[in-house]
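Report on one structure; see the data block that follows.
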Amino acid sequence: MRSRSRVQEPNAAHFVTSTTFEWLPIFTTAACCDILVESLEFWRREKGLRLYGWVIMEHHFHAVLDGPDLSQIMADLKKFTAKRLLEQLPKEGRGWLLTELEYYRQRHKTRSTHQVWQEGFHPQAVFTDAVMQQKLDYLHANPVRRGMVASPEHWRYSSAHEWLGGAPPVLRCDPWK
């Protein structure tokens, strides 16, 4: 397993990043974002995933999470969401994305005609409260840095609602420690 997918510290929370293949803007609709949100919630409820913070951007998501066999959870999550997203895109009239996901698919990916996610999820262990806060600040500020909102809690698909106040969260977080 490549290091960009290898969890070195299985008993620690991890900051992860998963990016759509070729940075294609898949998460620009509520329906596509909801697929990822519902999947994270399922893995929390059924597979023991603990989620401490998250944000979904148009072509990637960040999260701080932990759980039993995090590498396998992330692989399963990406496989499941890829299937659902490939079903959703034509319903939205975004067939051009399917064409791109097929065209740019890495040729060694022979089990599928499309590739939704880049390989890996770049896990970084989080051990301390200070590092946790730094990672939460970073992921919550992502939409602000991109100029999409003025304040983190204005971004719907983020745990900023829970950590900073505002509208009810789309997806609840687990308490840290």
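No value in this document is a laboratory result; all are computed from the given coordinates. These numbers come from a predicted model, not from an experiment. Cβ sites come from the backbone with ideal geometry, for glycine too, and all protein chains shown count toward neighbours.
From the alpha carbon centroid of the stretch 103-177 to that of the stretch 32-79 is 9 Å.
Among the chymotrypsin sites (Phe, Trp or Tyr not before Pro) in the stretch 68-149, those located in a DSSP loop and surrounded by at most 15 other Cβ atoms within 10 Å of their own Cβ are Tyr104, Phe127.
Taking a straight line from the alpha carbon of Lys91, these lysines sit under 21 Å away, with near neighbours fewer than eight places off in the same chain left out: Lys78, Lys79, Lys83.
Treat the count of other C-beta atoms within 10 Å as a stand-in for reagent exposure and order Thr17, Thr113 from fewest to most.
So the residues, fewest neighbours to most, are Thr113, Thr17.
Please sort by residue number the trypsin sites (Lys or Arg not before Pro) in the stretch 55-144 whose DSSP state is loop and whose Cβ has at most 15 other Cβ atoms within 10 Å. Sites meeting the loop and neighbour criteria: Arg107, Lys109, Arg111.
Pairs of Cα atoms in the stretch 13-127 fall into 5 Å distance bins, from 0 up to the last occupied one, in shares of 2, 11, 23, 25, 18, 12, 6, 1, 0 percent.
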